[in-house]
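One structure below.
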Amino acid sequence: MQIYLPIAEMTVPAESILLLGTFVGFLSGLFGVGGGFLTTPFLIFMGLPPGIAVGTQSNQLVAASLSGVLAHFKKGNVDFKLGGVMLVGSLLGSVIGVSLFKLLKHMGQIEFVIPLLYVFLLGSMGLMMFYESLSSMLKKKDVEGDESSKLMHHKFFTSLPYKMRFPRSKLYVSALVPGAIGFVGGLLVSIMGIGGGFLLVPAMIYILGMPTILVAGTSLFQIMITTIFATIMQAVTNHTVDLVLAAMLIFGGVVGAQFGVRFSRKLKGSYARFLLASMLLIVCFKLAGDLFIAPTELYSTEVN
Amino acid sequence: MFRFVLLVFVIICGLTPKAYAFDSDLLTIGLADDTVQITTGFNGSRLTIFGVKREQGDLAIVVRGPERRVTVRRKGQSLGMWRNVDDMRFRNVPSYYDFAMSGVEREIAPAILRREYGIGVDSLNFDALGRNTEAEIRTFREALIRNKQMHGHFALEPEKITFLSDEFFRVDFDIPADVPTGRYTIMTYLFQDGRAVGERKTDLRIGQVGFSASVYRFAHNNSLMYGIAAVLMALFAGWLVNLFFRKE
């Protein structure tokens, strides 16, 4: 069935969008990731303008992160004070990200920069996770988070000013550290259309030294508020949020996530991470290939 | 249905012979629908034009979408990767262009005249902005046309004009699913011995209607509320999921 997207002003096959939403929802249920890293590139492969893909994806992330936040909130696993400091950074990051997006689009480089950033992010995260999961699979045991990494005790981080106490996380660190992590998160939401959980979570564990149990809930809380803000900003400044597209992605995501959560109980942690890493690398190779293979048509047009 | 439309049309034409300006007397044009309505299920459409010509001669019909500024970009290789390295902006590019002719292009009218009336893709003229050499402009212009044709927004070849009698004709234009919206003009020209003797302008509106139109208007006229509504929809969906599915 073909469906007309009122904001993108084009027709897309509804089945493909629902399938994409379901598949991404399945992954998010299975691995606990937002899945934006798959949705945005696939929407662009389907011929949607990158702006619409990123803007609409931020709206979808609001739904995906809220259900996660509520679950963690009930267990008391959200550090609101730390999340709040990260938010200051991430809101600033998304304001700058939206303007940067506009500038790159004007320069005609957005279709180059988005895949390039994806290749870097997916490639590095994928390789690290691939190596880690493979070695833990071979050792036949599940090593959760290596405690030998003590980046937060590095001189650079301890010497920063504006130190704050975060009683919930039992931390006494410079507010600049969570602020900077949030800033990167905000940039990711507004330029790449991803929540960035797969980058924020390791950063909060290794750089901030947060207790692992609070990390997921706090990062989801931060992502939710950032994506709410980004959605409204994209709608106001760029008119790139398509409600019909978002509704289909959200619906598919809800259905898919249920299967994912059920399936995840039967899957060992290291195998799940191995699968996720393989998937990140496949998307990474596909995008990298497109950057290096000569296009059949060198010219493209854009209506101003 | 078609016969009925035809009959009504012939009657209307017969009843109002003096209703047109004198230089347009030779041609009468009517659309089966004067709007193309884009609904949520829109998957392209067909635009049917009926007409009567009262003298001998060849016909050319041109359908044009609203004019836009278009940036054409050229990719090049840097550090092994392909990215846009050059661009050129054009003014008055019709967002959509299709045409129909009753005969072979060059037999209907000389190139100068075709260019003047914009008959045929090659005779479209849009202005390049900025300082560029003639050769550059030509390359980018050709690329622009090629791109538009590839997306189905510029005609590859003329549609056929079907004559139902010596005077009475019909043309069908296929409208793609991603047709640009806005006010369209349909120009019909009558040529005799390479001279234009009659012309007729008809308006067409292509736009979203119903639910899609409301969403579009909401997003553009009240974008802040639209953004908030989008967020509320997502929050509601997320809350529902939590309510029904997460019971651990």
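The values are calculated or read from the model by the stated rules, or taken from the named source; none is laboratory data. The structure displayed is predicted, hence computed values, not measured ones. Reconstructed Cβ throughout: ideal geometry from the backbone, glycine too, with neighbour counts over all protein chains shown.
What number of residues within the stretch B:90-104 are touching a Lys or Arg at 6+ places or on another chain (Cβ under 8 Å) and buried (at least 18 other Cβ atoms within 10 Å of the Cβ)?
Qualifying residue count, the stretch B:90-104: 7.
It is to be established whether one or more residues within the stretch B:148-155 are more than 12 Å from chain A (Cβ to nearest Cβ) and touching a residue at least 12 places away in the same chain (Cβ under 8 Å).
Checking the stretch B:148-155: at least one residue is more than 12 Å from chain A (Cβ to nearest Cβ) and touching a residue at least 12 places away in the same chain (Cβ under 8 Å).
So that you can scan it fast, the table gives a plain yes or no per residue for (1) in contact (Cβ under 8 Å) with a residue 40 or more places away in the chain; (2) polar (S, T, N, Q); (3) away from every other protein chain (no Cβ under 14 Å):
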{"site": "B:ASP87", "(1), (2), (3)": "no, no, no"}
{"site": "B:ALA100", "(1), (2), (3)": "yes, no, yes"}
{"site": "B:ILE108", "(1), (2), (3)": "yes, no, yes"}
{"site": "B:SER123", "(1), (2), (3)": "no, yes, yes"}
{"site": "B:THR133", "(1), (2), (3)": "no, yes, yes"}
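What are the residues in the stretch A:261-293 that are among the aliphatic types (A, V, I, L, M), in a loop (DSSP other than H, G, I, E, B) and more than 14 Å from chain B (Cβ to nearest Cβ), if any? Break it down into steps so the answer makes sense when it comes.
Looking only at the stretch A:261-293, we keep the residues that are among the aliphatic types (A, V, I, L, M), and these are A:261, A:267, A:272, A:275-277, A:279-283, A:287-288, A:291, A:293.
When the remaining residues are screened for being in a loop (DSSP other than H, G, I, E, B), the result is A:267, A:293.
The answer is A:LEU267, and nothing else.
For the stretch A:164-186, give me each residue that is outside any helix (DSSP H, G or I) and not β-branched (Val, Ile, Thr). Step through it out loud before you land on a result.
Filtering the stretch A:164-186 down to residues outside any helix (DSSP H, G or I) leaves A:164-175.
Listed by number, the residues that qualify are A:MET164, A:ARG165, A:PHE166, A:PRO167, A:ARG168, A:SER169, A:LYS170, A:LEU171, A:TYR172, A:SER174, A:ALA175.
Could you please find all residues in the stretch B:113-131 being within 17 Å of B:VAL70 (Cβ to Cβ) and modelled with pLDDT of 85 or more?
The answer is B:GLY118, B:VAL121, B:LEU124, B:PHE126, B:ASP127, B:ALA128, B:LEU129.
Would you check if there is a residue in the stretch A:196-204 being crowded, with 16+ Cβ neighbours inside 10 Å, closer than 29 Å to B:GLY227 by Cβ, away from chain B (no Cβ under 11 Å) and touching a Leu at 6+ places or on another chain (Cβ under 6 Å)?
yes
Could you list, in sequence order, all residues of the stretch A:240-260 that are facing chain B (nearest Cβ under 8 Å) and in contact with a Leu (Cβ under 6 Å, 6 or more places away or on another chain)?
If the condition is that a residue be facing chain B (nearest Cβ under 8 Å) and in contact with a Leu (Cβ under 6 Å, 6 or more places away or on another chain), then A:VAL244 is the only one that fits.
Taking the stretch A:203-224, which residues are in contact with a Ser or Thr (Cβ under 7 Å, 6 or more places away or on another chain) and farther than 30 Å from B:PHE236 by Cβ?
A:ILE205, A:TYR206, A:MET210, A:PRO211
A:VAL236 - would you say it is within 14 Å of chain B (Cβ to nearest Cβ), surrounded by fewer than 21 Cβ atoms within 10 Å (Cβ to Cβ), without any contact (Cβ under 8 Å) to a residue 40 or more places away in the chain and over 14 Å from the mean Cα position of the chain (by Cα)?
It is true that A:VAL236 is within 14 Å of chain B (Cβ to nearest Cβ), surrounded by fewer than 21 Cβ atoms within 10 Å (Cβ to Cβ), without any contact (Cβ under 8 Å) to a residue 40 or more places away in the chain and over 14 Å from the mean Cα position of the chain (by Cα).
Yes or no: A:PHE229 of a type in the set (A, V, I, L, M, F, W, C) and crowded, with 20+ Cβ neighbours inside 10 Å?
yes
Does B:VAL104 meet the test of being within 11 Å of another protein chain (Cβ to nearest Cβ), of a type outside the set (Phe, Trp, Tyr), closer than 29 Å to B:PRO158 by Cβ and out of contact with any His (no Cβ under 6 Å at 6 or more places or on another chain)?
So B:VAL104 does not fit the description; no.
Filter the stretch A:266-290 down to the residues that are at pLDDT 90 or above, among the aliphatic types (A, V, I, L, M) and surrounded by 14 or more Cβ atoms within 10 Å (Cβ to Cβ) and list them by number.
Answer for the stretch A:266-290, where residues must be at pLDDT 90 or above, among the aliphatic types (A, V, I, L, M) and surrounded by 14 or more Cβ atoms within 10 Å (Cβ to Cβ): A:LEU281, A:ALA288.
Output the strands (runs of 3 or more DSSP E) that fall wholly within the stretch B:14-112 and possess 3 or more residues being at pLDDT 90 or above, or say none.
Values: elements: B:27-31, B:35-38, B:45-53, B:58-64, B:67-78, B:81-94, B:97-101.
Passing ranges, in order: B:35-38, B:45-53, B:58-64, B:67-78, B:81-94, B:97-101.
How many residues are of a type outside the set (Phe, Trp, Tyr), facing chain A (nearest Cβ under 7 Å) and farther than 16 Å from A:ASN304 by Cα if we restrict to the stretch B:60-85?
Residues meeting the conditions: 6.
Consider A:THR231 carefully, then state whether it is within 14 Å of B:LEU224 (Cα to Cα) and either part of a loop (DSSP other than H, G, I, E, B) or aromatic (Phe, Trp, Tyr) (or both).
Considered against the rule, which asks whether it is within 14 Å of B:LEU224 (Cα to Cα) and either part of a loop (DSSP other than H, G, I, E, B) or aromatic (Phe, Trp, Tyr) (or both), A:THR231 comes out as no.
Answer with yes or no whether B:ARG217 is exposed (fewer than 14 other Cβ atoms within 10 Å of the Cβ) and either more than 9 Å from chain A (Cβ to nearest Cβ) or farther than 24 Å from B:LEU47 by Cα (or both).
Taking the combined requirement at face value, the residue satisfies it.
Restricting to the stretch A:294-304, what's the tally of residues that are at pLDDT below 90, assigned to a loop (DSSP other than H, G, I, E, B) and either within 8 Å of chain B (Cβ to nearest Cβ) or buried (at least 18 other Cβ atoms within 10 Å of the Cβ) (or both)?
Qualifying residue count for the region: 4.
Here are the criteria: (1) surrounded by 15 or more Cβ atoms within 10 Å (Cβ to Cβ); (2) charged (D, E, K, R); (3) under 15 Å from the mean Cα position of the chain (by Cα). Tell me which single one B:LYS53 does not satisfy.
So B:LYS53 meets the others, but not (3).
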